[in-house]
1. Would you kindly find the accessible area of residue 12, with a 1.4 Å probe and non-protein molecules such as ligands, DNA and RNA excluded, rounding to the nearest 10 Å²?
2. If R₀ is 25 angstrom, what is the calculated FRET efficiency for the pair residue 18 and residue 109, using the beta carbon separation as r and rounding to 0.05?
3. Hey, what do the phi angles of the stretch 103-117 turn into as Karplus ³J(HN,Hα) couplings, whole Hz, using 6.51/-1.76/1.60 and θ = phi - 60°, x for Gly and Pro?
4. So, taking all protein chains as they sit and a 1.4 Å probe, how much accessible area belongs to residue 93, in Å² rounded to tens?
5. Can you pull the one-decimal nm distance between simple spin-label points at residue 86 and residue 25, each 7 Å off the Cα toward Cβ?
6. Distance in nm between label sites at residue 120 and residue 1, each 7 Å beyond Cα in the beta-carbon direction?
Amino acid sequence: MLPALIERARQELALARVVGKFTVDIGIATLRRRFDGQAAPPPATSIESLVDLADEPEPIEPAMAMSDLRAGQLVLPDYDHLPAAHIVAKLGSLTQRERDAIEEYETANRHRRTILGKLDQLRSGR
């Protein structure tokens, strides 16, 4: 029984490392996006330097503000409750205008790469 518990602990530790790395990577990407467009973007070689730079909150710029579009206005009913796979399966049957609305909403809210990637693929005709 002890070897099984040790193996399970190892698996959970490996999973925790993956989740931790993912979280740090997302944090770094978010902070880098936050500093994009500034006259002199700060050099960031570590997460510590990025965190130090982010101590002071900045006002939200219009480009970063959430969309005025609401989920109820989208062509897919209950959009916020649909899994990404379900939305991706329906995107091909929508008009470009409907897909644009979904892209605007998704970009301003959940940022699901699966959906945004499929929208990009459909737009480029791949």
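1. Residue 12 has an accessible surface of roughly 100 Å² with all protein chains in place.
2. Step by step, r from the Cβ atoms, then E = 0.50.
3. Values per residue, Gly and Pro as x: 5, 4, 5, 5, 5, 7, 10, 9, 6, 6, 4, 4, 5, 5, x Hz.
4. Only protein atoms counted, so the area is about 100 Å².
5. A separation of 2.8 nm, rounded to one decimal place.
6. Taking the simple label geometry, residue 120 and residue 1 are separated by 5.1 nm.
The values are calculated or read from the model by the stated rules, or taken from the named source; none is laboratory data. Here the structure is a predicted model, which means the values were calculated and not measured. Positions of Cβ are generated from backbone atoms using ideal geometry, with glycine treated the same way; all protein chains shown enter the neighbour counts. The accessibility values were calculated without ligands, DNA or RNA, using every heavy atom of the protein model including side chains. Shrake-Rupley method; radii C 1.70, N 1.55, O 1.52, S 1.80 Å.
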